[in-house]
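Read-outs: derived from the displayed coordinates by stated rules, not from any lab. Just so we're clear, the structure is a prediction, and the values are computed from it rather than from any experiment. Note that each Cβ is placed from the backbone with ideal geometry, even for glycine, and that neighbours are counted across all protein chains shown.
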Amino acid sequence: MHESETRITYTLTCRFSDSSDAFYIQLIGEQGDTIVGMKGGDFRNLREVQGATPDQLREVMNMGNFNYH
């Protein structure tokens, strides 16, 4: 990566729970890419360049729910 390049990443606060308890973890960078299933820059492009609707963005963000990672 060159000095002038900007790296777009996620900062996600995720709730993990089961029937006994729940806890929150913050995920940054590559861990966020894994959970969302898309790099932060690609998500930004979807939102800003392609003009995805809030419902479409919510769908992308929810794709990682209820999966094993």
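Observations, loosely collected:
- Chymotrypsin sites (Phe, Trp or Tyr not before Pro) within the chain, DSSP loop, no more than 12 other Cβ atoms inside 10 Å: PHE66, TYR68
- Semi-axis lengths, Å, the chain, gyration tensor of Cα atoms, sqrt of 5 times eigenvalues: 25, 16, 9
- Pairwise label distance in nanometres, GLN26 with THR13, each label 7 Å out on the Cα-Cβ vector: 0.9 nm
- For GluC sites (Glu not before Pro), the sites in the chain that DSSP calls loop and that have at most 10 other Cβ atoms within 10 Å are GLU3, GLU5.
- Residue-wise HN-Hα coupling along segment 36-45, computed from phi with Karplus coefficients 6.51, -1.76, 1.60 (Hz; x: Gly, Pro): 6, x, 7, 5, x, x, 5, 5, 4, 4
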